[in-house]
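Remarks on the structure that follows.
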Amino acid sequence: MKIGICYRPYLHKKFLKEIIDKISFIELMPDIMTVSETNFIKDICDSKKIDMGLHCLRSSLFSPEGPQMDKVENYYYFSEYIHSKYFSDHIAYSSYRERYLTSVQPIRYNDKNLFVFQNNMTELRKYFPKNFSIENITQNTLFSESIYSESTFIRKLTEQQEDITLLFDLTNMYITAKRNNIPFEKYILNYPFDKVKIVHVSGLYKDKHGIYQDTHSTNFDEEILIPLRMLKSKMSNLEYLLVERDFNVNSPDDILGDLEKLKEIFE
């Protein structure tokens, strides 16, 4: 198994000298990368023999209008250029009438969206026939119209498309459970952890009212490490374990400390 970071050039680049020898994997997000930034990190990864993966925002995997194929084509060429070990995007849609909605949007967990994904995969497989992963998003309020729990819906997706794998965002799922007043252990019942290939972990943040917010801006604490330890044995096919941080990196220690905590659990 490889341990690394979800690379954000605006955060990590200035500390890369201190970080690079402590990681064995980097995940890139092409939606925030320039050509020069991509070449920069690719050259470093090539020289250090560090593998890379691909995490995207704009495929719109669950759009009834179909995926955004212009974006998918761009992701394909990006993936080929960096020799990505996987393609990943969200269990969500991100466009409406071919306009990007500024963020990924939650879906209802029902048979209609199982059918939408099945249809969309027909086109997506032309570009990414293997190493295709899907990620759960944070949901502050779950749709009452859903007929399946999130975990059951994701299991049905993996049964429908047997060769896809999962990017399990622990923090997203933990916050979703907390925001919807569902015990985490109950919320993950029926989740197919044997299909997890990639894990994202970020620190937890509560606002002044004590409400969990999905900020990706804090270090790990025991509250998020406890469920990670609990789930370790269930994720028998885990290959990539990644620190995800989008804001508030003020020194290399903000990343190195979290990497060490992951290594203590998994190495």
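The values are calculated or read from the model by the stated rules, or taken from the named source; none is laboratory data. Please read these numbers as outputs of a predicted model, since none were measured by experiment. Cβ placement follows ideal geometry from the backbone for every residue including glycine, while neighbour counts extend to all protein chains displayed. In case anyone asks, the SASA skips ligands and DNA or RNA and just uses the protein heavy atoms, side chains included. Shrake-Rupley method; radii C 1.70, N 1.55, O 1.52, S 1.80 Å.
List of remarks:
- Relative contact order (%) - criterion: Cα under 8 Å, at least six apart; region: region 134-267: 23 percent
- Across all directions, the shadow cast by the convex hull of region 11-95 built on its C-alpha atoms averages 5.9 square nanometres.
- Cα radius of gyration and Dmax for region 197-236 (Å): 11.9, 38
- Here region 158-248 exposes an accessible surface that is 48 percent carbon and sulfur, computed with a 1.4 Å probe and the other protein chains kept in place.
- Residue 147 accessible area, 1.4 Å probe, all protein chains in place, Å² to nearest 10: 110 Å²
- Per residue, in Å², the accessible surface of the chain once ligands and nucleic acids are set aside, probe 1.4 Å: 46 Å²
- Out of every Cα-Cα pair that region 175-267 contains, those further apart than 19 angstrom amount to 45 percent.
- Reciprocal mean inverse distance between Cα atoms of region 12-159 - Kirkwood radius, Å: 16.6 Å
- Sequence-separation-based contact order of region 1-143, relative, with Cα cut under 8 Å and 6+ spacing, percent: 21 percent
- Estimated from helical segments only, the mean residue ellipticity of the chain at 222 nm is -11000 deg cm²/dmol, where each DSSP H run of four or more residues counts as -39500 (n - 2.57).
- Residues 144, 217, ordered by accessible area of protein heavy atoms at a 1.4 angstrom probe radius and largest first, appear as 144, 217.
- Ranking by accessible area, most exposed first, for 141, 158 with a 1.4 Å probe: 141, 158
- Here the simple spin-label model places points 7 Å from the Cα toward Cβ, and for residue 194 and residue 21 these points are separated by 4.2 nm.
- Residue 58 accessible area, 1.4 Å probe, all protein chains in place, Å² to nearest 10: 70 Å²
- Computed with every protein chain present, the accessible area of residue 162 is close to 140 Å² [probe 1.4 Å].
- Between residue 236 and residue 100, full extension at 0.36 nm per residue minus the direct alpha carbon distance yields a gain of 45.4 nm.
- Rg followed by Dmax, in Å, when region 113-267 is reduced to its Cα trace: 16.2, 47
- Residue ranking by accessible heavy-atom surface, 1.4 Å probe, largest first, among 258, 21 comes out as 21, 258.
- Cα-projected label distance for residue 152 with residue 44, points at 7 Å along beta-carbon direction, nm: 4.6 nm
- Between residue 185 and residue 73, the simple spin-label model (points 7 angstrom out along Cα→Cβ) gives 5.1 nm.
- Pairs of alpha carbons in region 154-219 separated by more than 20 Å make up 36% of all such pairs.
- Distant alpha-carbon pairs in the chain (separation over 30 angstrom), percent: 25 percent
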